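Participant: Okay, handing you the structure first.
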Amino acid sequence: MPLAGFAVDGPATSVADVKITSSVVITCIVAASSGLIFGYDIGISGGVTTMVPFLKKFFPSVLKKAADANTSIYCMYDSQVLTAFTSSLYIAGLASSLVAGRLTATFGRRAIMIAGGCTFLVGGAINGGAQNVAMLIIGRILLGLGVGFTNQATPVYLSEVAPPKWRGAFNTGFQFFIGIGVVIANCINYVTAKHSWGWRVSLGLAVVPAALMTTGAFLISDTPSSLVERGKIAEAKRSLTKIRGGDDADVEAELTEIIKSNEIAANQKTSFMTIFKRKYRPHAVMAFMIPFFQQVTGINVIAFYAPVLFQSVGFGNDSAYVASIILGVVNLCSIMVSTGLVDRHGRRFLFISGGILMFFCQVGVASVLGVVAGNSGAKQLPKGDVLAVLLLMCAYAAGFGWSWGPLSWLIPSEIFPMKIRPTGQSISVGVNLGITFIQTQTFLSMLCHFTYGTFLFYAGWILVMTGFIVFFLPETKGIALDSIYQFFNLEQPGSFVYYCYKFIDDFTNQGVDWFWFTLIHTLLYGVTFHNLERGFSQKIKTHLIQLGVFDMLDISNKVRITCREIDSVVDPFARLMRE
């Protein structure tokens with residue numbers, strides 16, 4: 001079987017001949033509309049933080065700093081309190097995503113989508129009526145809980161409902177609705193920015209997409225996989241029959257495959273730590289790295305702070321909003337390109353081509369800012385250079401829109417076997433929101449201190465992540481959902497992807513004791529490089545002697561205790577990682 005350009009020996013995976021029906025299209029559109037609330041918040045936050053009445057009421061120090069003639073263009077909006085307003089949503093989303101995996105397994109994908117929509121609706125209402133910073137933060141936390149729930153449940157829902165042949169196209173619908181939310185939010189900001197009460201309207205209208213997606217979620221059924229997982233076989237058959245074309249659809253084969261996958265999962269004891277066992281290690285790598293890389297493209301912070309960014313480099317207030325709208329429309333159009341190509345040319349092609357374009361665009365923006373504004377940022381950019389920045393940012397948004405945007409939601413939602421799917425998606429969403437929190441909290445400060453080097457920082461990460469895709473991501477287009485796990489099988493040699501993971505597997509198996517020892521000893525005892533000679537077990541000492549560490553530190557004769565109590569903690573973790 002072809003895998004990333006190489007052959008894999010093993011059982012062939014057949015793709016069920018499932019047709020696209022009006023029912024599955026409507027169901028997926030309704031489910032994907034959950035992306036509206038995330039997109040609306042991404043678009044609305046940056047615009048509101050440039051509105052003078054909003055800043056005057058909640059963050060007057062930012063206005064004073066922006067008005068200072070001596071302030072660098074890179075530092076106009078550098079405020080930790082202001083970024084806390086934006087980033088507080090994502091730390092709450094991180095917390096909710098970590099529990100959402102267990103909740104979706106217990107109550108179903110649909111129920112968690114409804115819970116997320118209701119929570120987001122309440123948060124939007126509180127923000128619209130906020131009287132102080134505390135109310136703003138409370139509202140943002142509730143918005144974050146809603147985003148964490150919906151971002152965990154929706155991509156999995158779409159992957160489980162969509163026909164295998166067109167799973168990529170249907171799953172990109174989630175990112176498409178995120179893009180729609182961003183564009184709508186930017187348009188609303190453009191209109192409301194002219195009024196003293198405009199920020200309340202912008203924040204309060206978050207209840208509209210929340211109400212729409214929550215109402216829609218009530219009208220669709222849960223996924224067949226989720227229903228089978230909870231023992232509701234009859235309901236699962238009705239759901240599958242409905243989305244596959246009514247009573248005439250032959251769903252027995254697909255239902256049997258779902259039941260078989262569930263029985264295999266049910267016969268194996270699972271916990272949150274199951275995903276870290278050896279056989280699922282490639283899945284765990286993807287669960288962490290794909291969302292991490294998506295965020296270090298820099299796209300979300302650029303989307304959050306697009307009006308701030310464009311004002312900083314020379315756009316007027318209205319022009320900055322228009323530029324943000326243009327950026328959002330370009331991203332939206334490129335997502336449609338991804339929808340049309342992802343199941344024809346595959347995930348890898350879009351990832352790699354998008355990464356190359358994004359890399360050169362980030363280098364281009366850094367070059368323009370570096371040559372014209374320099375490190376000081378004391379000089380405003382001429383109109384021609386401002387236009388060049390906008391064009392480069394649009395090309396960058398296009399590259400993201402057909403690659404890391406939609407595919408970062410698609411890949412984690414399709415690669416996990418049913419046994420660890422909720423856990424894997426929870427980790428993926430948690431990493432996504434956690435890195436987003438860090439990025440939003442630090443971006444304006446980084447722009448102030450790194451100046452144009454900020455964009456080179458992101459360009460470097462884009463280069464790394466494109467290499468990661470080349471070496472580690474197998475092609476999964478057109479493969480049945482419950483068969484994709486074979487492509488990450490460490491026991492099935494034959495492809496370059498296998499050998500890449502095998503290298504990591506061998507390395508981690510050799511160094512696992514050292515890793516866990518160092519981690520736990522650091523947490524319990526605060527070990528430093530200076531006192532490494534203390535607390536080594538004989539097992540760890542043997543590893544280090546083989547690696548030459550003791551010779552380097554000249555401490556081979558200074559080990560004073562065996563640390564059996566540490567061994568008792570390390571060994572269970574080491575055994576788990578080897579299983």
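The values are calculated or read from the model by the stated rules, or taken from the named source; none is laboratory data. Quick caveat: nothing in here was measured; it's all calculated off a predicted structure. Because the Cβ atoms are built from the backbone with ideal geometry, glycine has one as well, and the counts that use them run over all protein chains shown. Accessible surface areas use protein heavy atoms only, side chains included; no ligands, DNA or RNA. Shrake-Rupley method; radii C 1.70, N 1.55, O 1.52, S 1.80 Å.
Participant: Starting from the Cα of Lys383, step 7 Å along the direction of its Cβ; do the same at Lys279; then give the gap between the two resulting points in nm.
Facilitator: About 6.6 nm, to one decimal.
Participant: Quote to one decimal, in nm, the extra length available between Thr256 and Leu63 on full extension: 0.36 nm per residue of separation minus the C-alpha distance between them. Before the final figure, lay out the partial values.
Facilitator: Details: separation 193, 0.36 × 193 = 69.48 nm, distance 6.26 nm.
So the chain would gain 63.2 nm between Thr256 and Leu63.
Participant: Right, next: Output ³J(HN,Hα) for region 407-418: one whole-Hz value per residue in order, computed from phi by the Karplus curve 6.51 cos²θ - 1.76 cosθ + 1.60 with θ = phi - 60°, and x for Gly and Pro.
Facilitator: Ordered by residue, 3J(HN,Hα) equals 6, 6, 8, 5, 4, x, 7, 10, 8, 8, x, 4 Hz.
Participant: Provide the per-residue ³J(HN,Hα) series for region 125-140, in order, calculated from phi with Karplus coefficients 6.51, -1.76, 1.60 and θ = phi - 60°, each as a whole number of Hz, with x at glycine and proline positions.
Facilitator: 5, 5, 5, x, x, 4, 10, 8, 4, 4, 5, 4, 5, 4, x, 5
Participant: Now, a different point. Would you mind getting the accessible area per residue of region 188-244, heavy atoms of the protein chains only, 1.4 Å probe, in Å²? The partial results should precede the final answer.
Facilitator: Values: 2470 Å² over 57 residues.
Solvent-accessible surface per residue comes out at 43 Å².
Participant: Go through region 448-456 residue by residue and turn each phi into a ³J(HN,Hα) via Karplus (6.51, -1.76, 1.60, θ = phi - 60°); whole Hz please, and just put x for glycine and proline.
Facilitator: In residue order, the calculated couplings are 5, 8, 7, 6, 5, x, 4, 6, 5 Hz.
Participant: Highest mean first, what order results for 415-425, 116-126, 469-479 on Cβ atoms within 10 Å? Could the numbers behind the result be given before it?
Facilitator: Numbers: 415-425: 25.4, 116-126: 23.8, 469-479: 19.7.
Averaged packing, sorted descending, gives the order 415-425, 116-126, 469-479.
Participant: Hey, another quick one. Given labels modelled 7 Å from the Cα in the Cβ direction, how far is it in nm from Val208 to Ser22?
Facilitator: 2.8 nm
Participant: Subtracting the Cα-Cα distance from 0.36 nm times the residue separation, let me have the gained length for Ala234 to Ser353 in nm, one decimal. Don't jump to the answer; show the numbers that get you there.
Facilitator: Working: separation 119, 0.36 × 119 = 42.84 nm, distance 4.44 nm.
Gain on extension, Ala234 to Ser353, equals 38.4 nm.
Participant: Report the net charge of residues surrounding Arg109, where surrounding means a beta-carbon distance below 9 angstrom and charges are Lys +1, Arg +1, Asp -1, Glu -1.
Facilitator: Working: positive: Arg110; negative: Glu160, Asp222.
Summing Lys and Arg as +1 and Asp and Glu as -1 gives -1.
Participant: Continuing with the same structure: What is the packing order of peptides 102-115, 149-162, 207-220, taking the mean over residues of other C-beta atoms within 10 Å and listing the highest first? Mind showing how you got there, number by number?
Facilitator: Details: 102-115: 21.3, 149-162: 29.5, 207-220: 19.6.
Descending packing order for the listed peptides: 149-162, 102-115, 207-220.
Participant: Please state the shape class of region 416-458: rounded when a/c is under 1.5, otherwise prolate if a/b exceeds b/c and oblate if not, all from the C-alpha gyration tensor. Write down the numbers at each step before the final one.
Facilitator: Values: a/c = 8.72, a/b = 3.24, b/c = 2.69.
Prolate is the answer for region 416-458, as a/c is 1.5 or above and a/b outweighs b/c.
Participant: Multiply the residue separation of Asn132 and Val191 by 0.36 nm, subtract the distance between their alpha-carbon atoms, and state the gained length in nm to one decimal.
Facilitator: Working: separation 59, 0.36 × 59 = 21.24 nm, distance 2.37 nm.
In short, 18.9 nm is gained.
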